[in-house]
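For reference, the structure is listed below as C-alpha cells.
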Amino acid sequence: MYFITASAGLMIIGHIATIAQTQAHWENGFYLVILFAVFNTSGRMISGFYSDKFGRLKILMAVFIFQL
C-alpha cells in the first residue's frame, strides 16, 4: 500500500509541469514541482517523526485514512 501511494505522488510530481502547461496554459509549472516536492519531503519527515513516537502501524493507518 505504501509503495502504491508513494509512487502515485511521485508520478504527479514528475508530470505536474506538463499538466500545468497543457491544461492551464501556465509556463511556470516548475514552481508546482518545487512546491509538491517540498510538501512530499516534509510529509515524509513528519510522518517518520510521529511513527517513532506513536508506532509505525498507527501512523501508516492514519496516513492512509487521510489520503482516502
Inter-site label distance for residue 7 and residue 34 at 7 Å from Cα along Cβ, in nm: 3.0
Alpha carbon convex hull of region 2-67, projected area averaged over orientations, nm²: 4.7
Sum of -39500 (n - 2.57) over DSSP H runs of 4+, divided by residues of the chain (222 nm, nearest 500): -30000 deg cm²/dmol
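Read the figures in this text as sums done on the coordinates, not as results from a lab. On a predicted model such as this, the values are computed, not experimentally measured, just so you know. Because the Cβ atoms are built from the backbone with ideal geometry, glycine has one as well, and the counts that use them run over all protein chains shown.
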